[in-house]
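Here the structure is laid out as structure tokens; the discussion comes afterwards.
The values are calculated or read from the model by the stated rules, or taken from the named source; none is laboratory data. This is a predicted model, so every value here is computed, not measured. Note that we place each Cβ from the backbone using ideal geometry, even for glycine, and neighbour counts take in every protein chain shown.
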Amino acid sequence: MSNWFFLAPELLELTSITVPEELYRHFRALRLKKGDDIVLSDGKGRAYAARLESINQVGADVSVLEELELCTEPPLEIILFPAVLKGEKMNIVIRQSIELGACRIVPVFTERTIVRMDQYKKKLKRDHWQQIALSAASQCRRTRVPLVEPPLGLEGMIELLQDKELSLVPWEEEQKVSLCTLLQERTPPSSLAIFSGPEGGISHAEMEKLKKIKNLHTVSLGPRILRAETAPLAVLSSVVCLWE
């Protein structure tokens, strides 16, 4: 399949485009040449076949050929609330959750979160995570770029979960309800929220608060204890396997 890139929606209203400098540098890094076919998406659900008409030392021009009928987005809105993890672990969760179909990511600071950030660091991290989301969406050819929101605390997350149709929390102490059984017994909702804990797990005090949320279910992922970066991806994989 052709190389996949995102471009501002207003530019894709044109039939001939001189691409922005950042995208031009990407073209050069990939060694694209005149005549190469590419796909341009507006990141909001639409994608277009395009052709590279010229590329030289100063810039590149493309022609937009036609809108494509593609279906790369999941049939339900999946919102992931991952506890903030150390270093590359968080990058992995964001990158791979985008590949699996997460539509929105809201990082959460919990009682046992190891990472600490001031407001400035939070903004830098959020911008960094959004770039990872953009790259992942391009790599797996999504027509929408999922939003990575600024990190919030547990209480802020609880407010957002109050009106969700279904929320899932993988928890190592859950003994009765397995994730696969729950998914198989339910009709797929239009939207789904997933919260996963940090390296040290979810505290009992936090779990007591979570259990009061309507339509929230704790689920078991099996007899083995999964790493903090593995658990949310295991849930996402099961959801897309059974419901997509």
Problem - Subset of the stretch 108-160 that is of a type in the set (Phe, Trp, Tyr) and surrounded by 18 or more Cβ atoms within 10 Å (Cβ to Cβ) - its residue that is nearest to residue 95 (Cα to Cα) - result: 129
Exercise for the section: Please tell me if residue 115 is of a type in the set (Val, Ile, Thr), in the same structural domain as residue 159 (by TED's automatic domain parsing) and either at pLDDT 95 or above or within 25 Å of residue 46 (Cα to Cα) (or both). Expected result: no
Handout entry: Subset of the stretch 85-95 (residues that are of a type outside the set (D, E, K, R) and assigned to a helix (DSSP H, G or I))
Key = 87, 90, 91, 92, 93, 94
Problem - Residue selected from the stretch 118-151 under the condition touching a residue at least 24 places away in the same chain (Cβ under 8 Å) and either hydroxyl-bearing (Ser, Thr, Tyr) or not assigned by TED's automatic domain parsing to the domain that holds residue 231 (or both), by the criterion nearest to residue 5 (Cα to Cα) - result: 138
Exercise for the section: Could you give me the residue pairs with C-beta distances under 8 Å whose first residue belongs to the stretch 231-244 and is closer than 10 Å to residue 97 by Cα, whose second residue is hydroxyl-bearing (Ser, Thr, Tyr) and part of a helix (DSSP H, G or I) wherever it lies, and which are 6+ apart or on separate chains? Expected result: 232/97; 233/97; 236/97
Exercise for the section: For the stretch 39-89, name all the residues that are of a type in the set (Gly, Ala, Ser) and either touching a strand residue (DSSP E or B) at 6+ places or on another chain (Cβ under 6 Å) or surrounded by fewer than 15 Cβ atoms within 10 Å (Cβ to Cβ) (or both). Expected result: 41, 43, 45, 47, 49, 50, 54, 59, 63, 83, 87
